[in-house]
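Shown next, in structure tokens, is the structure this report addresses.
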Amino acid sequence: MTTSDPGQRRAPIEIAPEDFRKAGYRVVDQLAAFLETLPQRPVTTGESPKEIKNLLGSKSLPEEGVALGSLLDDTIDLLVNHSLFNGHPRFWGYITSAAAPIGAFGDFIAAMVNPNVGAWLISPVASEIEAQTVRWTAEILGYPAGCGGLLVSGGNVANFVGFMAARNSKATRNIRKEGLAQGNGNRLTMYCSAETHTWIVKAVDQYGLGTDSIRWIRTDDKLRIDVAALREQIVNDKAAGYIPFLVVGTAGSTGIGLIDPLPVLAELCREFDLWFHVDAAYGGFAACLPDAPADLLGLREADSVVIDPHKWLYSPLEAGVALVRDPDNLRSAFSHTPPSYYKFDQNLEENPINYYDLGPQNSRGFRALKVWLAYQQVGREGYVRMISDDVQLARRLFDLAKEHPALEAFTQNLSITTFRYVPEDLEQGIEQVESYLNLLNTELLTRLQRGGEVFLSNALVRDTYLLRVCIVNFRTSLADIEALPNIVVRVGKQVDEDIRPDALR
Ligand SMILES: *Cc1c(COP(=O)(O)O)cnc(C)c1O
């Protein structure tokens, strides 16, 4: 130790309280300025991967430390001048929300106190806050508040949790002990439509069932799972000796926001004694709206539900929640006999919640705090208002696209609207024109994304390439939405001039 006073350790990573206060105020001032200027900034600078890489250079790991002040200043500069801002009022890509500022305070406080929410003993208040956050999440959905649940990184991992609870509950042998190879695991089958998010493929791979265990059920004309086809497949599989165990319904598909007929799926699962899992990562929170679609409310009947606070609760990344109706089904899917060095409960009489028993993680961060704070900052009423506004804006955009002579509106579900640019002199329906329109809109999207005025993404509906706006953004105003059609058409015209083949001129 390089200290002159042997009683005092001076660790290079420590920041003394007075320095912490100074640096902290400075960081907050800079971030407040960032918040102030955000609407005037481009959504993205559109820099190339090479340009971004060059910002960092190729220097190796620093041998010695640098001054704290300039380190923080430079880092904030780097990030606010070269990032893509999903908190910008005109960011509507994928399903990534603007981040609630209260969430930044939540993560900050969580990191300072740093509870390890793996076990109650080492995170007493934090464990109870997480339990309350899970209960409130169930409440806002109208799901039974006595359910089990926990926070994880996002929708993918939350879906894995539900998947494991399903497998453990419905498998006819003890797969946890015997593994798949010994038993009949290779006969387990599960059911979903092609609109299901890609987590499903990762789940069957990771947990050893393999992609052949997925029965991809065809969809109806609205891209919802075809229930008659589903029933037929289940009946046939049972007759052939398979063991159906799980049906996945989607509540707000990632592409166009469609909702599977959840109440009908729930009924079918009861009839065949199957686990009913609902992936409501994006759309679930719309269940709090007074005019929530009946199909969506069917998520209340599910054995497990996945929901992402980092989508429609506007929580900063990362925050996903898995809910399991019967808490015992969650515990028995993940709890194993603890090793001898796990003595978390010896002095605790009341059997407190130990989250390492309820999910795949061991050490766990305090993700719940930012969600818990936001629930209290705005209340249920605040969320109803913001989610409802997002939906209204998406509907308004659909109408604007419908009215515009050079735009064609396609779908409108929840807060997702799809449309495409169609030059007025082109006649749709002809094969050659259709394939050109796909090319045109693909290139148009690329230019819009690089341009920084707005940020959209795309959807593909029955081979038609569409521009897709997903509003999970409490900063978007009506003016932002009303500006979009003319931006799309202006850039679309340029692209059309540049790339239209002679045969179509
Ligand atoms: C976003 C999404 C996922 C994946 O969630 P992540 O938080 O990105 O891991 C899964 N399913 C649906 C329906 C989604 O919208």
Checking residue 474 against (1) free of Cβ contacts under 8 Å to residues at least 40 places away in the same chain; (2) among the aromatic types (Phe, Trp, Tyr); (3) open to solvent by 70 Å² or more (accessible area, probe 1.4 Å): exactly one of these is not met. Which one?
(1)
Residues that are of a type outside the set (S, T, N, Q) and modelled with pLDDT of 95 or more: list the helices (runs of 4 or more DSSP H) wholly contained in the range 155-265 that include at least 3 such residues.
155-170, 199-206, 227-239
So for the range 80-87 (the condition being assigned to a loop (DSSP other than H, G, I, E, B), open to solvent by 40 Å² or more (accessible area, probe 1.4 Å) and not aromatic (Phe, Trp, Tyr)), does at least one residue qualify?
yes
Is there a residue in the range 50-57 that is surrounded by 11 or more Cβ atoms within 10 Å (Cβ to Cβ), touching a residue at least 12 places away in the same chain (Cβ under 8 Å), among the acidic types (Asp, Glu) and outside the structural domain of residue 446 (by TED's automatic domain parsing)?
no
Would you pick out the residues in the range 488-503 that are among the hydrophobic types (A, V, I, L, M, F, W, C) and surrounded by 15 or more Cβ atoms within 10 Å (Cβ to Cβ)?
488, 489, 491, 495
From the list 158, 171, 181, 145, pick out the single residue that is more than 16 Å from the ligand (Cβ to nearest atom) and crowded, with 18+ Cβ neighbours inside 10 Å.
171
Among the residues of the range 279-286, is there at least one that is surrounded by fewer than 19 Cβ atoms within 10 Å (Cβ to Cβ) and over 16 Å from residue 381 (Cα atoms)?
no
Go over the candidates 317, 289 one by one and state the one that is in the same structural domain as residue 200 (by TED's automatic domain parsing), within 16 Å of the ligand (Cβ to nearest atom), at pLDDT 95 or above and surrounded by fewer than 24 Cβ atoms within 10 Å (Cβ to Cβ).
317
Residue pairs, Cβ under 7 Å, 6 or more apart or interchain, first in the range 233-256 and under 30 Å from residue 288 (Cβ atoms), second within 10 Å of the ligand (Cβ to nearest atom) and open to solvent by 30 Å² or more (accessible area, probe 1.4 Å). List them.
250/195; 253/195; 254/197; 255/195
Filter result for residue 468 (open to solvent by 20 Å² or more (accessible area, probe 1.4 Å), at negative phi and at pLDDT 95 or above):
no
Would you pick out the residues in the range 286-302 that are closer than 11 Å to residue 388 by Cα and part of a loop (DSSP other than H, G, I, E, B)?
289, 290, 291, 292
Could you check residue 414 against (1) within 21 Å of residue 462 (Cα to Cα); (2) out of contact with any Gly (no Cβ under 6 Å at 6 or more places or on another chain); (3) open to solvent by less than 30 Å² (accessible area, probe 1.4 Å) and say which number it fails?
(2)
Among the residues of the range 66-79, count how many are in a loop (DSSP other than H, G, I, E, B) and open to solvent by 80 Å² or more (accessible area, probe 1.4 Å).
1
What single numbered condition from (1) farther than 23 Å from residue 93 by Cα; (2) open to solvent by 10 Å² or more (accessible area, probe 1.4 Å); (3) outside the structural domain of residue 152 (by TED's automatic domain parsing) fails to hold for residue 423?
(2)
For the condition modelled with pLDDT under 95, in contact with a strand residue (DSSP E or B) (Cβ under 9 Å, 6 or more places away or on another chain), farther than 30 Å from residue 131 by Cβ and not basic (Lys, Arg), what is the one hit in 428, 412?
428
Just to verify a result, which residue in the range 292-308, among those that are surrounded by fewer than 23 Cβ atoms within 10 Å (Cβ to Cβ) and closer than 22 Å to residue 381 by Cα, is farthest from the ligand (Cβ to nearest atom)?
294
Determine whether residue 118 is in a loop (DSSP other than H, G, I, E, B) and open to solvent by less than 60 Å² (accessible area, probe 1.4 Å).
yes
Would you confirm whether any residue within the range 216-230 is open to solvent by 40 Å² or more (accessible area, probe 1.4 Å), in contact (Cβ under 8 Å) with a residue 24 or more places away in the chain and more than 26 Å from residue 287 (Cβ to Cβ)?
yes
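The values are calculated or read from the model by the stated rules, or taken from the named source; none is laboratory data. What you see is a predicted model; the values in this text were computed from it and never measured. Cβ atoms come from the backbone with ideal geometry, glycine included; neighbour counts cover every protein chain shown. Just the protein is used for accessible areas: all its heavy atoms, side chains included, with ligands, DNA and RNA removed. Shrake-Rupley method; radii C 1.70, N 1.55, O 1.52, S 1.80 Å.
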